[in-house]
Every structure is written in C-alpha cells, then in structure tokens.
Amino acid sequence: MSENETTEDVAVADGAEGEFEFADDPTFEVDYKGDCAYEVKVAIPASNTLKQSEEMYEELQGDAEIPGFRRGKAPRKLLERKFGKAVRGEATEKLVSAAFRKLIKSEDLQPINYPDIDGLEDVHDTPLDAALEFTLKFEVAPRVELGNYKGIKVERPVLEIEDKQVDEAIENMRERFAAYETVDDAKAQDEDQVVIDFTGVVDGEEFAGGSAENYPYVLGSGRFFKEFEEALKGAKTGAELTCDVPFPEDYSSVDLAGKTATFTIKVNEIKRKTLPELTDDFAKDGGFESLADLKEKVSKDLQQGASQQGQQLAEKRAVEAVVAVSSFELPKSMVESSADEYYKQELRRLLELRVPPEEIDKRNEDIRKDAKEHAIREIKAYVAVNEIGVAEGITVVEADFEKEANAIVERTGMDVDIAHRFLDEDDKRSEYETRIYRQKAVAFVMDNAKVTDKVVTQEELYKEDEEADA
Amino acid sequence: MSLSPYQIIKRPIITEEAQIQATKGSQYTFCVVPDANKHQIRDAVEAIFPDVKVTRVNTMNYDGKVKRQAGSRKVGRRSKWKKAIVTLRAGDSIELI
C-alpha cells in the first residue's frame, strides 16, 4: 500500500471552500454495511436548492454576456432559459458535496473515496421545490481494534559470521577483480575467454546474428549452443575449425528452427582468467589498509548486514504478532485495488522468469488468492502500526529528521548539508515523516516486546527471510 | 400562394432595446419575411397570439451585409430581411422569453 492512499485527501480537497451554510439542515439516515462501507440516505430540503440557485443567478446576472444585451443587462428570465440546466446541476452538486462534508464532520468519519451518488440521475426532471433525496455510498479508512501489543514475544534470528563466510566474500571480490591475460600456445578450457571470428551458414546462406568478428566469448558461460562450445574446447590460438549446430524445433527464430547451421570459427586469441593474489597490495587497491584490515572490515560489514536482516525479521514478526491479536475492518475497495497491484506485480515477475503463459493461466486463481492475502496482510500491518503510533502519541520532531539526515550521511557518504537539503524538499519531508513515524511506532513495539535471540546459520536466515516474504 | 403566420413571422428579436419597448409601450419586435406587408404581419401576430389585438405595425427593410471570404476576393451578401415593430392594444402583452 502506498502512502498517498491515506484518508484525508477527499475531505481536505472539499473543505477548502469553507463552511457551507444550509438554509435548512439536511437529514441523514446512516446505514453501516460492515467492512468500512457506509450507505447514507440524505434528504436536502428544497429551500436549499432555491437559495443556492438564487445565489448563482445573481452571480451570473452580473457578468453574463448575451447577444443583444450589454454585459450584465440580460433579463433574469432569459438567463434561466439559457443556463437553467447548468445552474441546477451545479447547485445540486454543491449541495451534495456540502451535505457529504457535513455528514463526515458530524459523524466523524474518514472517507477514503468520493462517494457514489445514487438517485440524482433525473434531477433535471424533478420540480425545483422538491427536496433532494439521494443515497451516498462510500468507504472509510480501515479500522483496527488493537490487541495487547506490549510484551509480545518475538524470536530474533542472529547470525554469527564465521571465517568461512568472510573467506567466501573475499573470494567473490577476487572474482570481481579477475583479469584476463592472453596465453599463447595453450588449449582453450572452461572459464577461458576466447576471441573468435565466426560465420554461421544455414542452407548455404549466412543468417542474421550468425556471424561476428573478434567476438569475446567466455567458455562455459553457456550463452552459445553446447556444440559450439564443445568445438572450441581444446582449440589453440590460430586454430580454424567448423562445427554443426542443430537448432531446436522450438527455436525462437522460426526461419532457423529445426535446421542445422554450420559454423566456421577462427580462434584469434585465448585469454586465461587470473585471480589477483591475496596480498596487502590487493587490499590497498580496494581501498583498505592491509589484508588484515580488509578481512576485518568485510567481517564487520557481513555482521552488520546479518544483524540488520535479523532485526528486520524480528520487527516484521512483532508487527505480525500485533496484527494477530488485533481485529480489523478493511474497506473492500482498498483491499481489491491493492490486491490487484500485487497480482500485476506477480504476473510481471513470472513473465520475467519466462514462465509459459499456459502455466500462468493454470495458476491464475492461486496467484489472485495469494495477492489478496498479501494485500490484506500488508494493509493490516500498515494500519496496526499507524494505530500504535496514535495510541502512544508518537510524533516526529526535528531531532528525528536530524537523526535521519545523519543516517543518510553515514550510509551514502553524502555531504551533511546536502542530506539536510534533501530531507527538506517538500515531498521528501512528508515521505520521511511517515517513514520515521512508523519506524518509531515499530521501535516502540520492539522496546516493549520480549525478544529472544536465536542463533541461526546463513541458510536458515535466508529461509526465514523468504518465509516472511511469502 | 398565401403564407402561414409562422412563415411570415420568422422569430422575435430579443435585445435590450426590444425589451425596453415591450415594457414601456407594448411594442414587440419581430424579424419577418421581406415580402410581407403590414396587414399580413398584423394578421399573423394575431393568429399566433390569439389574445392580443394589434393596433399598429411599423416596418423597416434591412439590406444584407456584404461579406468577404477570408483569404479570397469572393464577395457575398447576407439575405435581406424586414424588421417589424408591432404595437399592441394597451394592456395586451406577449411572453417572448
């Protein structure tokens, strides 16, 4: 759920006109349908319609320009004939929205959408002196009855970083800094980079994308067909070879599917991957003081990442636990639009993973169901955290922004002043305000929770993380 | 061929001036066919508004304005028309708007 879906928008936008004065107050018949849905029967006495249209005509008369009359001199009757419909419609609209504002004020509601209005379709055919009667249908912000959110039991996974993981990370670093060096008189093997010219021929003709010159290809990367790779293995610099590659029947290019291509390949160069030696020099290239320093910093980074992950998991669980002991009423439209969002996201993800469409079709129902559950869970968590904030009187003060700015500086190495200016931008400010607010609310729950630490392995941490996201 | 009342009286002319004449002197202004004479206009008004009696008809002919086509030298003319100011018997009135 996104931040701007919050509740005040509708009310604030309408309230800008200031208080509306009714000649005779409208009457409301409030009917709560459950799930945050309201149906309110409204009757606005005719005196309001008359008064409202009177005012509008007066305004119109002042500056209406009608051919044959100087500005402001047109007779009232002519205006009524010309603008009657528009005035009626506008007056009605004004009255309806004024009535809606009055309703939410007197009933203290937080609508999340503009109401559906029923029963005003034929307003132009009804006499002016009949009362306006219509039904407003709208939903209000989710409601939550918080359970006891103090003293919740949470297990926090703690990962002790071992030397093995540090070594692995450093090994990865070496891989990243790997250099390819030309070797003469060697046979190409896996992980070598070969620079090749090749020409592919199908049915005696070259085909698009089948030829290249000085193309660097890493053996074993599997980007080309395996017959192609096989042929290259063991080849020496300067070797010229040919190989046949049968394209599969379902190859993406229809012209080539099922045919056999003959490639002529010339090996120009063989480069072998060499990893940098683990020495102080290597550490210095990476901006560290020495190898020991590198090891220590990597270990610290890993530890920090792991404990952050553990903390986040614990916070997530804490919020879930609060959700579990609380009861909610969620507006359907909110759940549905959010579920739709997640559903689309999931579809996009599956398409990116190249899951065949038939497969997706088959699982469609499940995906929808999961998306809905996901949406409900997210909204509940969101609402619960906000409600805790309200219940505990949490406010975001300047010092919090200060802290956030420092955190940004720490994280990104940004200049302090720039960080401050970044936070002071209007939209960023309100964005961070909500974020900090929620962080503080979650922190409150954590401070009051009984947190137990449980030592886990890397794999277990990954697994738990995935489960939490599922 | 005689013209029907609605063919003679084409439309009322509703302007500020006509408005003033209507309220001050029971005089109503219409656009009428140029061929119609005062008798025909009187009869037509009395046929369309059965409750009124016409005491006097003043007419005036307007020539159509010359209009030029934008961007070319073509010259045309709007049709000519006749304005009729009809005076009613004192106390009679017509609702035009």
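Please specify each residue of the range A:334-392 satisfying the condition of being closer than 20 Å to A:VAL322 by Cβ and of a type in the set (D, E, K, R). Explain how you work it out, then say what you get.
First, the residues of the range A:334-392 that are closer than 20 Å to A:VAL322 by Cβ: A:334-335, A:338, A:373-392.
Passing the criteria: A:GLU373, A:ARG377, A:GLU378, A:LYS380, A:GLU387, A:GLU392.
Please specify each residue of the range A:198-219 satisfying the condition of being hydrophobic (A, V, I, L, M, F, W, C) and farther than 15 Å from A:ASP244 by Cβ. Talk me through it step by step, then tell me what you get.
Pass one, the range A:198-219, residues hydrophobic (A, V, I, L, M, F, W, C): A:198, A:201-202, A:207-208, A:212, A:218-219.
Scanning the range A:198-219 gives A:ALA208, A:ALA212, A:VAL218, A:LEU219.
Determine if the range A:88-99 includes at least one residue that is over 30 Å from B:THR23 (Cβ atoms), more than 14 Å from every other protein chain (Cβ to nearest Cβ) and of a type in the set (S, T, N, Q). Scanning the range A:88-99 turns up at least one residue that is over 30 Å from B:THR23 (Cβ atoms), more than 14 Å from every other protein chain (Cβ to nearest Cβ) and of a type in the set (S, T, N, Q).
Of the residues making up the range B:14-51, those that are crowded, with 16+ Cβ neighbours inside 10 Å, more than 14 Å from chain A (Cβ to nearest Cβ), closer than 26 Å to A:ILE66 by Cβ and more than 13 Å from the chain's Cα centre (by Cα) number 2. I'd like the full set of residues that are open to solvent by less than 50 Å² (accessible area, probe 1.4 Å) and either part of a loop (DSSP other than H, G, I, E, B) or outside the structural domain of A:ASP424 (by TED's automatic domain parsing) (or both), limited to the range A:373-409. Result: A:ILE394, A:VAL396. Within the range A:182-220, the set of residues being surrounded by 15 or more Cβ atoms within 10 Å (Cβ to Cβ) and part of a strand (DSSP E or B) comprises A:GLN193, A:VAL194, A:VAL195, A:ILE196, A:ASP197, A:PHE198, A:THR199, A:GLY200, A:VAL201, A:VAL202, A:TYR217, A:VAL218. Of all the criteria given as (1) more than 14 Å from every other protein chain (Cβ to nearest Cβ); (2) open to solvent by less than 10 Å² (accessible area, probe 1.4 Å); (3) under 23 Å from A:LEU128 (Cα atoms), the one not satisfied by A:PRO111 is (3). Go through the range A:133-162 and give me each residue that's in contact (Cβ under 8 Å) with a residue 40 or more places away in the chain, within 13 Å of A:GLN458 (Cβ to Cβ) and open to solvent by 30 Å² or more (accessible area, probe 1.4 Å). Within the range A:133-162, A:VAL158, A:GLU160, A:ILE161 qualify. Is there a residue in the range A:301-313 that is more than 29 Å from A:GLU168 (Cβ to Cβ) and surrounded by fewer than 18 Cβ atoms within 10 Å (Cβ to Cβ)? Within the range A:301-313, none of the residues are more than 29 Å from A:GLU168 (Cβ to Cβ) and surrounded by fewer than 18 Cβ atoms within 10 Å (Cβ to Cβ). Taking the criterion of being touching a residue at least 60 places away in the same chain (Cβ under 8 Å) and open to solvent by 70 Å² or more (accessible area, probe 1.4 Å), the residues of the range A:325-338 that qualify are A:VAL325, A:LYS332.
For the range A:431-466, the candidate set comprises residues that are assigned to a helix (DSSP H, G or I) and of a type in the set (Ser, Thr, Tyr); within that set, the residue that is surrounded by the most Cβ atoms within 10 Å (Cβ to Cβ) is A:TYR432.
Residue check: B:ARG11 meets all listed conditions (1) within 14 Å of chain A (Cβ to nearest Cβ); (2) in a helix (DSSP H, G or I); (3) not aromatic (Phe, Trp, Tyr) but one, namely (2).
To keep it simple, each residue is scored yes or no on (1) part of a helix (DSSP H, G or I); (2) in contact (Cβ under 8 Å) with a residue 24 or more places away in the chain.
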| residue | (1), (2) |
| --- | --- |
| A:LYS284 | yes, no |
| A:PHE288 | no, no |
| A:ASP293 | yes, no |
| A:VAL298 | yes, yes |
| A:ALA321 | yes, yes |
| A:ASP340 | yes, yes |
| A:LEU347 | yes, no |
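Only residues that are surrounded by 12 or more Cβ atoms within 10 Å (Cβ to Cβ), more than 10 Å from chain B (Cβ to nearest Cβ) and either part of a helix (DSSP H, G or I) or in contact with a Ser or Thr (Cβ under 7 Å, 6 or more places away or on another chain) (or both) were counted across the range A:60-79, and they come to 2.
Here is a yes/no grid of residues against (1) acidic (Asp, Glu); (2) at pLDDT 85 or above; (3) outside the structural domain of A:LEU461 (by TED's automatic domain parsing):
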| position | (1), (2), (3) |
| --- | --- |
| A:VAL87 | no, yes, yes |
| A:THR92 | no, yes, yes |
| A:LEU95 | no, yes, yes |
| A:GLN110 | no, no, yes |
| A:ASN113 | no, no, yes |
| A:PHE134 | no, yes, yes |
| A:GLU145 | yes, no, yes |
| A:VAL158 | no, no, yes |
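One residue stands out among those in the range B:67-97 that are of a type in the set (A, V, I, L, M, F, W, C) and within 14 Å of another protein chain (Cβ to nearest Cβ): the one that is least open to solvent (accessible area, probe 1.4 Å), which is B:ILE94.
The values are calculated or read from the model by the stated rules, or taken from the named source; none is laboratory data. Model, not experiment: these values are computed from the prediction. With ideal geometry, Cβ positions are generated from the backbone for all residues, glycine too; neighbour counts draw on all protein chains shown. Calculation scope for accessible area: heavy atoms of the full protein, side chains included, ligands and nucleic acids excluded. Shrake-Rupley method; radii C 1.70, N 1.55, O 1.52, S 1.80 Å.
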